[in-house]
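The values are calculated or read from the model by the stated rules, or taken from the named source; none is laboratory data. Note that the structure is a prediction, hence the values are computed from the model and not measured. Glycine also receives a Cβ, built like all others from the backbone with ideal geometry; neighbour counts cover every protein chain displayed.
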There are 2 protein chains.
Amino acid sequence: MSETLIYPVEALKDYVSRFFIALNVPEIDARIAADVLVSADLRGINSHGVIRLHSYYGDRLMKGAIDPTSSVQVIQESPATLALDGGNGLGQVVAYRAMSRCIELADQAGLAITTVRNSNHYGIAAYYAMMALPEDMIGISLTNSQPLVAPTFGRTAVLGTNPIAVAIPAGAEMPYVLDMATSIVSIGRITVHQKSGQPIPAGWGINAQGELTQAPEEVLQGGALLPLGGPAELRGYKGYGLSLLVDLLSGVLSGAAYGNHVGHPGKKSTADVGHFFAAIKIENFRPVDAFKADMDDYIRMLKATPKIPGQDRIYIHGEKEFENEKNYREHGVPLLSEIVESLVSAGQVVGVPFDLEAL
Amino acid sequence: MSETLIYPVEALKDYVSRFFIALNVPEIDARIAADVLVSADLRGINSHGVIRLHSYYGDRLMKGAIDPTSSVQVIQESPATLALDGGNGLGQVVAYRAMSRCIELADQAGLAITTVRNSNHYGIAAYYAMMALPEDMIGISLTNSQPLVAPTFGRTAVLGTNPIAVAIPAGAEMPYVLDMATSIVSIGRITVHQKSGQPIPAGWGINAQGELTQAPEEVLQGGALLPLGGPAELRGYKGYGLSLLVDLLSGVLSGAAYGNHVGHPGKKSTADVGHFFAAIKIENFRPVDAFKADMDDYIRMLKATPKIPGQDRIYIHGEKEFENEKNYREHGVPLLSEIVESLVSAGQVVGVPFDLEAL
């Protein structure tokens, strides 16, 4: 078992900001990117948090594969629609600006969609969807990503794990926040099993010959993840359809790369990732109070549903993450020692020593 | 094996129209409802076609549970948003009008969302999404439905099979048309297995105790369908999240019934089904020609993906249905003899004899 070290959230954000600033990211942008990255750890999604600081972002900034200035340009605009070019900037900064503008438009028009081309990996999709919550709006955030998933009946990874994130406000209850890869699991889950020498459950992935495998290394080496649903008998073509949908909206509609053209974070070339954001103002459809009262009622009804043997709680999407965030804000963010080691070595490369003291 | 009888599509539509007219549905509305119902059979989705003519619609019109005049009222409107009350009309008629208005709004605003409360079962979700295709728009159609699905860790059906339909135009290739229940399978698939005495695959459903079962009658009698993904290990909570999302958008945002409050077609009381429609005008984001060229390229790339052993073709969503439609328009619509028998007996009840000659 790895050791877990605990850091205060603001100190961790400050470190990540300094790291980005050292790589010529303007301070205001560095703070945005830091907030998004640390948010993942704060919500308990360590796979998408500071562990990727160097491999997904720092390394690419150093190589010139990401432009530190994130100069977002408007391609086309109307009162409810906005098409942006992300200028090959940091995905977090580009996405934050795009969703901010989407919310501004929706505040006037009642709803808005913003597409983005020429961006990069943007971290956790839910971050941007959740920006709509304080405005009493529904937020939607989609992105395409590097090819890792095989279409149904295919044996090669040509689709991304293309996540769907939707945030919907409630009243007294926590908001509904869905943030799901359209594959059964992320590639990170496969890597975790590989590192620990554990087989993966049948259904998660296939080998290079297209056969179901329980050997994680076979998925990683020439194999592919399966879309949500898994094999055709359990309707994996629906997950394939959702992965494709996310790419058609975030890649093709935006004019970004799509399918097997989307860049890999490990490559030196630009990634041309595409995003899709939407904001829907609830009061344009019904009074916000009535909406929130129904949300609370619905959440309570779900939680009161009789349970299967061995389970005593039904969760709403985002609930575990809100509980983590509350806990970690108070008591600090837990990071496995291997994540801390990755920060230490990243800090050495970039010249910003990781000097935080664990709690 | 049941016998299959084949009918010309226009004659079948004409019969369904006459059936609705006899139940006091205005002729123009009857033709809309007939077109939607027969479309399902034409696309090969017999489970949602004329087999339901009496059980879902005729019977409820006769009982006064559906209002034949479908008087749709505007609750709230802005240039890109529209909230409607369906007046407890036929779901197909209400949905057709709602999506027509949504497309009109999107033509001006670049995108639009229309919500509907107080409606009924609307047939195949894809019908309305596909109305956007000739306008070079992306169409989205969601609806909630009677409770049949258990949330993850729950053992009681409190969620609907709540479908997601999205239609996206291509160029030379067929459009992408996703139309998927957010459960692994529809309840109709379970009934088919029950009738034929076949066990269902493990994962499709649970019994009243919340245990996985392969006995279709156990799912039907107090059990529940499982959401897409199935058990937690294969990430069924994602399918649960999608089912809930569809209901939050079509039930809660519209102010309709939601969750276990949504009416069952077999009940005499009003169903208060909710729908959600969106239309997105492609040219507000990028030139339509460039978009369609990328769609074609993407579809061809997917089809050229190396196949798993035993498979020689990768499908795009909607492709099989377009092929069925082309074939059945030319050669007639095939209906199993049990479907024909249901039409004969429905015709007797309503006083509109099913007098079509099979081809």
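A few notes on this one:
- Residue check: A:I308 meets all listed conditions (1) more than 9 Å from chain B (Cβ to nearest Cβ); (2) at pLDDT below 95 but one, namely (1).
- Every residue from the stretch B:65-100 that is in a strand (DSSP E or B) and not acidic (D, E): B:Q73, B:V74, B:I75, B:Q76, B:S78, B:T81, B:L82, B:A83, B:L84
Per-residue answers, yes or no, for (1) small (G, A, S); (2) within 24 Å of B:T143 (Cα to Cα):
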{"site": "B:A167", "(1), (2)": "yes, yes"}
{"site": "B:A170", "(1), (2)": "yes, no"}
{"site": "B:G188", "(1), (2)": "yes, yes"}
{"site": "B:P201", "(1), (2)": "no, no"}
{"site": "B:G205", "(1), (2)": "yes, yes"}
{"site": "B:P227", "(1), (2)": "no, yes"}
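- Among (1) closer than 30 Å to B:T213 by Cβ; (2) touching a Gly at 6+ places or on another chain (Cβ under 9 Å), the one test that A:F277 misses: (1)
- Evaluation of A:V158 against the conditions (1) farther than 18 Å from A:F276 by Cα; (2) hydrophobic (A, V, I, L, M, F, W, C); (3) in contact with an Asp or Glu (Cβ under 6 Å, 6 or more places away or on another chain) shows that the sole unmet condition is (3).
- Within the stretch B:46-64, the set of residues being hydroxyl-bearing (S, T, Y) and either crowded, with 18+ Cβ neighbours inside 10 Å or in a loop (DSSP other than H, G, I, E, B) (or both) comprises B:Y56, B:Y57.
- Comparison of A:L178, A:L249 shows that the only residue that is of a type outside the set (F, W, Y) and under 30 Å from B:V288 (Cβ atoms) is A:L249.
- Yes/no for A:F354 being surrounded by 15 or more Cβ atoms within 10 Å (Cβ to Cβ) and within 30 Å of B:D297 (Cβ to Cβ): no
- Filtered residues of the stretch B:8-45 (kept if surrounded by 23 or more Cβ atoms within 10 Å (Cβ to Cβ) and outside any helix (DSSP H, G or I)): B:V25, B:R43
- Residues within the stretch A:221-244 that are surrounded by fewer than 24 Cβ atoms within 10 Å (Cβ to Cβ), without any contact (Cβ under 8 Å) to a residue 24 or more places away in the chain and facing chain B (nearest Cβ under 8 Å), tallied: 1
- Selection over the stretch B:295-310 of residues that are surrounded by fewer than 24 Cβ atoms within 10 Å (Cβ to Cβ) and under 28 Å from the mean Cα position of the chain (by Cα) gives a count of 5.
- In the stretch B:201-220, residue nearest to the other protein chains (Cβ to nearest Cβ) [restricted to those that are assigned to a loop (DSSP other than H, G, I, E, B) and over 24 Å from the mean Cα position of the chain (by Cα)]: B:G210
- Counting the residues of the stretch B:245-261 that are more than 7 Å from every other protein chain (Cβ to nearest Cβ), small (G, A, S) and assigned to a helix (DSSP H, G or I) gives 2.
- Every pair of residues 6+ apart whose Cβ atoms lie under 6 Å, when the first sits in the stretch B:173-186 and is polar (S, T, N, Q) while the second is in a loop (DSSP other than H, G, I, E, B): B:T182/B:N162; B:T182/B:L228; B:S183/B:T161; B:S186/B:T161
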